[in-house]
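Quick note: the coordinates plus some simple rules give every number you see, no bench work behind them. Keep in mind the model is a prediction, meaning the values are calculated, not measured. Glycine gets a Cβ as well: all are built from the backbone with ideal geometry, and neighbour counts include every protein chain shown.
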Amino acid sequence: MNQKPAIPKDAAAVILIKNGKVLWAQRNPNIKFLGGWHAFPGGKLEAADCDIEVLNCADAEDLKKFIVCAVRELFEETGVLLVRNGEKLTKGQRASLHDDLISGRSGFAEILADWNLRIDAKDFLYAGCWTTPQFSPIRFKTRFFAAECPSKQEPYAAISELRDIEFIAPENALERWANSEVLISPPVLISLQELADSRFRIEDSGFRIQDSGFRIEDSKKAFSILNLESSILNLLRKSQKVDGDIDYIELNPHVVCFPLKTETLPPATHTNCFIVGREKFIVIDAASKDENEQRKLFELIDSFIEKGFVCLEIIVSHLHPDHFGGETALQTHLFSKFNLKVPISAHKITAESLRGEIEFQKFIADEEIINLSDETGVNFELKAFHAPGHARGHLCFYDEAKGFLLASDNIVGAGTVVIAPPEGNMTDYLKTLKRMKNLPNLRFLCGSHGSAVFNAKGKIEEYIAHRLEREKQILEVFQTGAKTPAEIVERVYIGLKPELVKPAEKSVEAHLEKLKNDGQI
Ligand SMILES: [Zn+2]
């Protein structure tokens, strides 16, 4: 059943800086990869990027093409042209060249050559390389470069991929993240944290970028911001230390999403484990049976406990085998290493279904409040709610103050939700979706598979519409002679991968059951 992770595509991004602020923008919510998330400008390497010369970069062939990619992407996305001789272009000329590039009338190499513009490695500091985690169906291996924005150029959202483009003080960006107003990926978060720190640092490391493998002589001239170099060096070291691997995503300071490899339904390959809270925290779906995956998760949880944080409970969201398997190992681990007795909990129905497989010490009921407030003055309540449909004892969790819903398997960022009777029930599922949609203050959600979703309400509405559309199609083919789930799947689910035929038949069964109960067939 298990699929191989997607192969990462080469990419580059720019940390563009002006007067101590950094440029970011929101990605169009309709984009498949991190739609609605905030990001730095950047994108995929193109073959032609390899053919463009870069000044002062002879000893770094490998990074050269990524500098070109960074410059081109920055120009495409923001209209900022970070090249030598660029100051002689007027705003109008830049706009016209941008139009030539975007429309395909001219290639980037051609534009640079025609106007005698040169890319110079001295204008960039290499800030490291990060790879999208394996759970994502679309992955990039992105080289980050810091650069100063040319003084006379104003970035704008030059393509529909981006909106709300702005220079923001790193600490303000972090505040928006802390309030759960924005979603940001780990490399962006680490960059902002490092830049925010550097604003208060006095010492100067005298860093030269030769250390990282390519030369920028006298890079201090290129940067007016005190200590930028040392924070970029820190960023580079951090990425090198972990080889660009990202184990988990901090969705806000209270929600860590830790994707774990599981035997789940394709195209998903991982189940999201959530560590929610701070000084008091809970762990939801420590799902992996794989010892390597468990070890990585335990390392993070151990680091919390070593800071004095308290693990209140280990929760299993529902009975499916891709949602449990590591919870008992975690419980045993916490007892043997720290002498802590942490209960395992679930909804009563789930606990009954898993009797003999997991020993539960606690049950969670609908609308139960899990109080994660702590001594530091953090007020944090997480509401559990019973959300049947996908599974009878299914639990979801809601942080109303921040509008953040952990939807478990009711909504997923990757793959589809299967409603398989008798455990699954379509009438209940639609009721659950409507209940989730009406949660007060709802903004973001994250399901058990795939990335967090920026527009939670829109996503839930999409799911409801999709189910009702399927129901209509099923009713139609049923009335024209297709009676069994297999016959219906053949006519409704065109081009389905073989491994998804059985789950689709189960979903059809659930739809038929609902149609029968509604008196429609
Ligand atoms: Zn499930």
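Some points to look at:
- Between Leu468 and Glu487, the modelled label-to-label distance comes to 2.8 nm, taking each label 7 Å out from Cα in the direction of the beta carbon.
- Isotropically averaged projected area of region 414-521, using the convex hull of Cα atoms (one quarter of hull area), nm²: 7.2 nm²
- A crude spin-label estimate for the pair Glu87 and Glu306, with each label 7 Å from Cα along the Cβ direction, gives 5.0 nm.
- Lys, Arg +1 and Asp, Glu -1 on Cβ, resulting dipole of the chain about Cα centre, debye, nearest 20: 540 debye
- Each stretch of four or more DSSP H residues adds -39500 (n - 2.57); spread over every residue of the chain, this sum gives -10500 deg cm²/dmol at 222 nm.
- Violating pairs (Cα-Cα greater than 25 angstrom) within the set Lys18/Lys459; Lys4/Lys238; Lys21/Lys122; Lys383/Lys431; Lys4/Lys383: Lys18/Lys459; Lys4/Lys238; Lys4/Lys383
- In terms of other Cβ atoms within 10 Å, Cys446, Cys273, Cys257 run from fewest to most in the order Cys257, Cys446, Cys273.
- Candidate lysines - alpha carbon under 21 Å from Lys44, same-chain residues fewer than 8 apart omitted: Lys9, Lys32, Lys64, Lys65, Lys141
- Ascending count of other beta-carbon atoms within 10 Å, so fewest first, for Thr271, Thr350: Thr350, Thr271
- Within region 373-498, DSSP assigns beta bridges of which about 65% are antiparallel (rounded to the nearest 5).
- Contour excess over end-to-end distance, with Cα ends at Asn172 and Glu279 and 0.36 nm allotted per residue: 36.2 nm
- A crude spin-label estimate for the pair Val242 and Glu359, with each label 7 Å from Cα along the Cβ direction, gives 3.5 nm.
- Separation of alpha-carbon centers, region 278-355 and region 106-162, rounded to whole Å: 41 Å
- Rounded, prolate or oblate (a/c below 1.5 giving rounded, otherwise prolate when a/b exceeds b/c) for region 1-71 by Cα gyration tensor: oblate
- Remark: the Asn28-Asn438 segment gains 145.2 nm on full extension, using 0.36 nm per residue and subtracting the alpha carbon distance.
- Residues of region 79-107 with amide N under 16 Å of the 7 Å Cα→Cβ point at Ala113: 101, 105-107
- The per residue volume of the convex hull around the alpha-carbon atoms of the chain is 165 Å³.
- Cα gyration tensor shape of region 329-429, rounded if a/c is under 1.5, else prolate or oblate by comparing a/b with b/c: oblate
- Packing-based order for 10-17, 423-430, using average beta carbon neighbours within 10 Å, highest first: 10-17, 423-430
- Note: relative contact order over the chain, using C-alpha pairs below 8 Å and six or more positions apart, is 11 percent.
- Phe140 long-range amide H proximity, modeled H, under 5 Å: Lys9, Thr132
- Val501/Ser336 FRET efficiency (R0 41 Å; Cβ-Cβ; nearest 0.05): 0.40
- Whether region 247-381 is rounded, prolate or oblate, judged on the alpha carbon gyration tensor where a/c under 1.5 counts as rounded: rounded
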